[in-house]
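What follows draws every value from the coordinates through simple rules; no lab data is involved. Please read all numbers here as calculations on a predicted model, not as lab measurements.
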Amino acid sequence: MTDDIRGDPYVPPEREAVRKRLVAEHADTSGRMAALSRDFDAIVEANALVAVDDEHDPEGASTAFERAHVAALLAQAREYLAELDLAVERLEAGDYGRCEECGESIPAARLEVRPAATTCVGCAGGGAERRR
């Protein structure tokens with residue numbers, strides 16, 4: 001891959017600016033999780049008030065889907081929080097912005113979109129496999 005395709009290599013800005021970005025992402029995700037938890041609790045509570053038989057009630061299937069959908073979104077948010085925590089650890093260790101697969105710098109544009117990214121674009125797309 002040429003540098004034009006990969007983008008400029010990531011040159012870490014001041015560590016505190018990166019930390020603030022990661023903390024802000026963490027706070028946003030935590031807020032989203034709180035809202036999703038409230039939604040999930042409301043779905044469960046609404047279903048507890050009526051005898052819902054998911055197999056025979058025409059609304060049962062959509063209620064089960066809605067509950068599963070919110071639960072999946074919560075799981076994704078929890079996973080992202082863990083990724084953000086690991087990104088802060090990498091920042092402290094001086095490894096933030098470096099690909100875990102090939103050791104090259106992760107382009108700034110990728111980190112702007114995915115601040116917890118651990119791989120460069122090439123490795124994320126299986127590029128390390130193609131180079132062997």
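In table form, for the structure just shown:
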| quantity | calculated |
| --- | --- |
| Under the Karplus curve 6.51 cos²θ - 1.76 cosθ + 1.60, θ = phi - 60°, whole-Hz ³J(HN,Hα) for region 29-44, x wherever Gly or Pro sits | 5, 4, x, 4, 5, 4, 5, 5, 5, 5, 4, 4, 4, 5, 5, 4 |
| Extension gain (nm, one decimal) between Ala42 and Ala108, 0.36 nm per residue minus Cα-Cα | 19.7 nm |
| Centre separation in Å (Cα based) which lies between region 18-38 and region 82-102 | 18 Å |
| For Ile106, distant residues with modelled amide H under 5 Å away | Tyr10, Arg98, Cys99 |
